[in-house]
Amino acid sequence: MVRDLEAFKVWLGRRGAEVLATTNAYEVLRVRTSSGVHVVHKNRRGRQTWPSLLSEIVDLYLDGGSPRLSPTARTRRSSRLRQRYSVLITRDGEGCFFCGQPVPKPDEECHRDMAPSVEHLVAITHGGPNHLSNAYLAHSRCNNIAGDISAVEKIRLREKMRGWQ
Ligand SMILES: [Zn+2]
């Protein structure tokens with residue numbers, strides 16, 4: 001979650017993303033970036049839900065990164081992802097945290113569903129640290145399926161996806 005949403009919107013615009021008009025009262029933010037349209041929702045109590053692909057962009061924002069987010073720009077895998085990939089693959093092997101199938105290398109041509117992404121076991125939006133101890137390699141698709149659920153629910157999802165239960 002971002003404390004100053006307006007400042008985040010300005011940063012998104014500067015990075016080439018299109019901040020769109022929200023379409024109902026439960027939308028906090030709607031933005032089109034190089035990785036698609038992301039919508040942040042809030043419930044009646046004001047609790048926000050941030051999609052995981054947008055959380056990755058928030059990571060870059062908080063780290064002072066300057067990614068190209070223009071929807072028309074060719075998506076470039078960040079050097080940070082490449083760096084993390086090599087550390088994580090050495091630590092955990094090439095399997096996806098969720099499904100266990102190999103995750104393609106950052107520079108490898110692959111379907112966008114299978115593209116490598118860094119999964120935060122305790123979501124950044126839930127106060128999880130942006131540190132390798134909280135990071136796992138996952139397919140973009142599997143990362144998206146997990147979304148913003150709790151760490152305990154992620155472990156359950158992983159067991160299900162691997163057929164352990
Ligand atoms: Zn997977």
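Some notes on this structure:
- P(r) of the stretch 1-72 over all Cα-Cα pairs, binned every 10 Å from zero, in whole percent: 20, 59, 19, 2
- Accessible-area order (highest first, 1.4 angstrom probe) of the listed residues Trp11, Trp164: Trp164, Trp11
- Distance (nanometres) between label positions extended 7 Å along Cα→Cβ at Val122 and Thr49: 2.3
- For q = 0.08, 0.12, 0.15, 0.16 Å⁻¹, Debye-computed log10 I/I(0) when each Cα of the chain counts as one equal scatterer: -0.23, -0.53, -0.84, -0.96
- Percent RCO, i.e. relative contact order, over the chain, from Cα pairs under 8 Å lying at least 6 residues apart: 18
- Highest mean packing first, where packing is the average number of other Cβ atoms within 10 Å per residue, the peptides 156-162, 28-34, 39-45 line up as 28-34, 156-162, 39-45.
- The chain - percent of accessible surface contributed by carbon and sulfur, probe 1.4 Å: 49
- For Leu137, nonlocal amide neighbours, meaning residues 5 or more places apart or on other chains whose placed amide H falls under 5 Å from its own, are Phe97, Glu119.
- Förster radius 35 Å - calculated FRET efficiency between Ala151 and Ala21 (Cβ-Cβ, nearest 0.05): 0.55
- Amide H to amide H, with H built 1.01 Å from N, Val28 comes under 5 Å of Val40, His41, Lys42, counting only residues 5 or more places away or on other chains.
- Measuring max minus min along each principal axis, the C-alpha atoms of the stretch 77-165 give extents of 32, 29, 22 Å (largest first).
The values are calculated or read from the model by the stated rules, or taken from the named source; none is laboratory data. This one's a predicted model, so the numbers in the text were calculated from it and none came from an experiment. Methodologically, a virtual Cβ is constructed for each residue, glycine included, from the backbone with ideal geometry; neighbour enumeration extends over all protein chains shown. Ligands, DNA and RNA are stripped out before the accessible areas are found, and what is left, the full protein with its side chains, is counted by its heavy atoms. Shrake-Rupley method; radii C 1.70, N 1.55, O 1.52, S 1.80 Å.
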